[in-house]
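Written out below as structure tokens is the structure these notes cover.
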Amino acid sequence: MRYSDTDRVFDALLLRRLQAGDRRAGERLAARWYPRLLRTAYRLLRDRDQAESAVQEAWSGICRGWFGLKDPARFPAWAYRILHNKCTDRIRHNIRHRSQNMEWGEDEAVIQPRGEDKVSLDQAFAQLGTDHRVAAILYFQEGLTMREIAKVTSTAVGTTKSRLFYARRQLQTALDNHTEGEKHEHV
């Protein structure tokens with residue numbers, strides 16, 4: 001479900017009403033955004049529990065800061081930026097934890113999809129590097145603009161375009177390989 005212009009206007013209106021003291025507007029904003037943030041966090045972290053924790057932390061930060069958000073139209077990029085930071089913190093923590101476990105001799109098994117497994121779109125996204133996956137998810141699945149993604153990821157617009165270009169190419173290759181594999185199975 002892409003984020004439409006109508007969604008942007010409605011969310012900006014809800015945020016303005018919330019800033020004016022309308023508590024129900026905050027509840028509606030949470031009802032609209034919490035599932036979206038959870039879906040994005042899950043795609044980034046690939047772990048339901050970690051995604052839920054990251055979204056809870058992000059939503060707490062969003063609630064603390066939304067009265068200071070001067071331009072409600074910037075809410076999507078701002079909210080995703082907070083979520084991105086929380087997910088990045090968790091990814092760094094996981095990497096540190098994994099490397100510490102490896103140093104102690106606890107080898108974690110890495111499960112790779114086998115040739116006979118079908119490659120789904122989720123698997124194709126999972127194969128992307130973190131920076132490319134973030135850009136692709138925010139663009140293709142959440143409907144953010146290049147400029148908004150650049151703000152979320154604290155990169156230049158050109159870097160965002162490059163990440164999307166390479167992500168699109170990798171996704172296309174993964175999906176083409178999946179299609180080729182299906183053709184050979186039926187021959």
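Read the figures in this text as sums done on the coordinates, not as results from a lab. None of these values were measured; they are calculated from a predicted model. Every residue, glycine among them, receives a Cβ derived from its backbone with ideal geometry; neighbour counts consider all protein chains shown.
Relative contact order of region 1-68, taken over Cα pairs closer than 8 Å and 6 or more residues apart, is 23 percent. T160 sits among other residues whose Cβ lies under 11 Å from its own Cβ, and their net charge, with Lys and Arg +1 and Asp and Glu -1, is +2. Spin-label model, T173/T6: points 7 Å from Cα along the beta carbon direction are separated by 3.9 nm.
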